[in-house]
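Undergrad: Below is a structure I'd like to ask you about.
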Amino acid sequence: MASSRQPDHLTGSSPPAPGRRIILLFALACGIGVANIYFPQAISPLIARGLHVTPGSAAGVVTAAQLGYALGIFLLVPLGDRLAHRRLIPVLLAVAGAGLLVAGSAPALPVLVGASALIGAATVVPQIIIPMTAGLVAPERRGAVTGTLLSGLIGGILLARTFSGTLGQWLGWRAPYLGAAAVVLLLAAVLALAIPVTTPSSQQRYPALLAASLHLLRTEPELRRSCFYQATVFAGFSAAWTSIALLVTGPKYGLGASAVGLIALVGAGSMFCTPIAGRRIDRHGSDQVNLICMLGTIAAAAVLAAGAIGGAAGLIALGAGMLLLDVAMQCGQVASQARIFALRPEARSRLNTAYMTCAFLGGAAGSWLGVRAYAHLGWPGVCALVAVLAAVALSRHLLHLLRRPTPQPRPAAPAEIPPAVVR
């Protein structure tokens, strides 16, 4: 029985399960990697002023990064099943660092948008690290370890906005890009030494790997369901975070970009919730956590709507609402990823490719819709968009729960052979 508790990572002899320090390093890498997608959200008003473009045009930098991320997930993450992680991950981080340097010196918006798409495409490292680590640990630890990695990812998402908003307010919008480039390039050097030597789980050719993700999406109902949940909820999440910078720096509050970073810092509390969600998933399954998270997203939209009143009360509502939204979205992600990683252990990177591509296509659409909802309907329109998207996901989930067959009691075994005589 002991062999059933071993990691099911790869064919052949597996490397030893990573210790706590390595897992924490991987969590840090997830946070640093994903931060490149999110920190432009806090400084888009500064970009608009610095490059003399409209706020709506500057928000295109955020959308380009998310679209690039979705493209990178589809094109590059499947390589996590085909290439050695110790080479693939540092190379991707080096490319992201180069893109950040280009963005930090961009003379005009088109160059910045193009560099943002490149950064997004190369910053898919978290989506390679997470399935890699899930395969290195025993199944009964998978939910908790995934929650730990997502805690690091959440920290990157939230602290990125604080970092960029504060640094951008002091030194201009270019400083966050250049600072992020230095950190990413340093991380690439560290991970080149720290990542365990692994054996690829697939020998398929690259076109077959790409086709495999589409095939899995077509043939795995649980994967499609998880993709739908995350695409809709993440669209609302992105709509809120892209629009809040316009609200806080606009006439209602008249604050600087650093205020957006402070609101994001309040949301850092969600880092402590994903490990709890992971342990709950290990005990009770993913569906229960998904249900709670969808209801939490709708509640977050209601709290955020009070931000339209302005003043101190409005800022408190924005902080509380964003915290609740972050917790709901990220814990829902833990639940959905735990579900898909259990489907086919040998194809986790390809499953994650399909899942995260759908999620970030939803996020890019949400950013685009959020800016337009804010332009035409103001902040209440953005909050309504968040609530509607979460309600769509909730309706789909309730339909699944109603259709789910009731578990039948197992018939009693006629006679069991004593374990001692089993050979």
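The values are calculated or read from the model by the stated rules, or taken from the named source; none is laboratory data. Since we're looking at a predicted model, the values are computed, not measured. Methodologically, a virtual Cβ is constructed for each residue, glycine included, from the backbone with ideal geometry; neighbour enumeration extends over all protein chains shown.
Undergrad: Consider only pairs whose beta carbons are under 7 Å apart and that are at least six residues apart or on different chains; among these, list those whose first residue lies in the range 10-37 and is on the phi > 0 side of the Ramachandran plot and whose second residue is hydroxyl-bearing (Ser, Thr, Tyr) and at pLDDT below 85.
TA: Close Cβ pairs satisfying both conditions: Gly12/Thr199.
Undergrad: Taking the conditions exactly as written (crowded, with 21+ Cβ neighbours inside 10 Å and more than 18 Å from Val77 (Cα to Cα)), does Ala160 satisfy them or not?
TA: Criteria met by Ala160.
Undergrad: Here is a list: Ala48, Ala59, Ala42, Ala65. Which entry is more than 30 Å from Gly135 (Cβ to Cβ), free of Cβ contacts under 8 Å to residues at least 60 places away in the same chain and of a type outside the set (Asp, Glu)?
TA: Working: Ala59 fails: free of Cβ contacts under 8 Å to residues at least 60 places away in the same chain; Ala42 fails: free of Cβ contacts under 8 Å to residues at least 60 places away in the same chain; Ala65 fails: more than 30 Å from Gly135 (Cβ to Cβ).
Ala48 is the lone residue from the list that is more than 30 Å from Gly135 (Cβ to Cβ), free of Cβ contacts under 8 Å to residues at least 60 places away in the same chain and of a type outside the set (Asp, Glu).
Undergrad: Any residue at all in the range 243-252 that is among the β-branched types (Val, Ile, Thr), over 25 Å from Leu149 (Cβ atoms), in contact (Cβ under 8 Å) with a residue 24 or more places away in the chain and not in a loop (DSSP other than H, G, I, E, B)?
TA: Looking through the range 243-252, at least one residue is among the β-branched types (Val, Ile, Thr), over 25 Å from Leu149 (Cβ atoms), in contact (Cβ under 8 Å) with a residue 24 or more places away in the chain and not in a loop (DSSP other than H, G, I, E, B).
Undergrad: Considering only residues that are over 25 Å from Gly152 (Cα atoms) and of a type outside the set (A, V, I, L, M, F, W, C), look in the range 297-343 and name the one that is surrounded by the fewest Cβ atoms within 10 Å (Cβ to Cβ).
TA: Gly311
Undergrad: Assess whether Leu83 counts as being under 30 Å from Ala211 (Cα atoms) and at pLDDT below 90.
TA: Spelling it out, Leu83 is indeed under 30 Å from Ala211 (Cα atoms) and at pLDDT below 90.
Undergrad: Now a separate question. Test of understanding: among Leu394, Leu389, Leu343, Leu323, which residue is more than 13 Å from the chain's Cα centre (by Cα) and not in a helix (DSSP H, G or I)?
TA: Leu343
Undergrad: Select from the range 189-198 the residues that are part of a loop (DSSP other than H, G, I, E, B) and surrounded by 13 or more Cβ atoms within 10 Å (Cβ to Cβ) and list them in ascending order.
TA: Step one: list which residues in the range 189-198 are part of a loop (DSSP other than H, G, I, E, B), which gives 195-198.
Answer for the range 189-198, where residues must be part of a loop (DSSP other than H, G, I, E, B) and surrounded by 13 or more Cβ atoms within 10 Å (Cβ to Cβ): Ile195, Pro196, Thr198.
Undergrad: Identify, by number, the condition in (1) in a helix (DSSP H, G or I); (2) closer than 30 Å to Arg49 by Cα; (3) at pLDDT 90 or above that Pro107 doesn't meet.
TA: (1)
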